[in-house]
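Accompanying notes for the structure given below.
None of the figures in this text is laboratory data; all of them are computed from the coordinates on show. From a predicted model like this one, the values you see are computed outputs, not experimental measurements. Glycine gets a Cβ as well: all are built from the backbone with ideal geometry, and neighbour counts include every protein chain shown.
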Ligand SMILES: O=C(O)CCC(=O)C(=O)O
């Protein structure tokens with residue numbers, strides 16, 4: 001009997017990462033016109049400049065972020081209950097399409113805006129407590145094409161690079177976040193912005209005294225200050 005590829009994502013290819021990873025890439029999930037329209041809309045959102053503390057010193061993280069989530073997913077941080085911004089209709093429609101294509105469920109979107117090739121994201125795994133135990137992430141890229149790098153957390157560190165073009169989709173299925181990490185390195189010469197939308201499923205986690213989950217302890221921000 002022939003093996004049925006998971007997920008049933010037409011037009012996608014599974015990346016040859018190796019043991020412990022289940023990553024799929026669709027180079028043109030959105031048409032050029034759809035990607036152009038969504039990028040134009042994403043350029044109207046308000047993004048925050050987050051700060052990170054590295055070796056006792058505070059720095060701006062080298063990108064801007066916006067967070068959207070369904071109602072009821074407010075989280076408590078340093079004693080403050082933060083309410084999420086609901087997904088705008090463009091993201092809600094894209095979510096429905098992604099859910100149908102991947103057979104996964106998402107209730108939130110993290111948008112990262114890279115202003116140019118100097119903006120980047122350091123090595124990390126998306127393994128915060130609020131993502132639960134089975135973590136699936138669907139990531140849509142808009143704007144400037146950039147290299148996305150993956151490597152195993154252990155064992156030789158041989159990795160894989162993939163070019164994420166305007167309108168492409170990358171799906172990282174469980175157990176990728178457990179065994180692999182990823183980053184988006186700076187790229188000299190890139191002048192145009194890039195917006196990356198990661199669709200996630202989060203669960204309500206109460207944080208106490210500003211204590212973060214797994215990522216805060218290991219640090220998505222580590223090495224990028
Ligand atoms: O911009 C990207 O493609 C990577 C985003 C990412 O790694 C994240 O949001 O955790």
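Observations, loosely collected:
- Residues of segment 120-161 with an amide N closer than 18 Å to a point placed 7 Å from the Cα of residue 19 along the Cα-to-Cβ direction: 151-160.
- Available extension along the chain between residue 153 and residue 178 is 8.2 nm, counting 0.36 nm per residue and deducting the alpha carbon span.
- FRET efficiency estimate (nearest 0.05) - Cβ-Cβ, residue 90 to residue 133, R0 30 angstrom: 0.50
- Estimated Rh, segment 85-168: Kirkwood, alpha-carbon pairs, angstrom: 15.1
- Under 18 Å from a label point set 7 Å out along the Cα-to-Cβ vector of residue 161, the amide N atoms of segment 114-139 belong to 117-124.
- Peptides 167-177, 94-104 ranked from most to least packed, by the mean per-residue count of other Cβ atoms within 10 Å: 167-177, 94-104.
- q = 0.12, 0.18 Å⁻¹, segment 22-218: log10 I(q)/I(0) [Debye, one scatterer per Cα]: -0.60, -1.51
- Space enclosed by the convex hull of the alpha-carbon atoms of segment 29-140, per residue, Å³: 146
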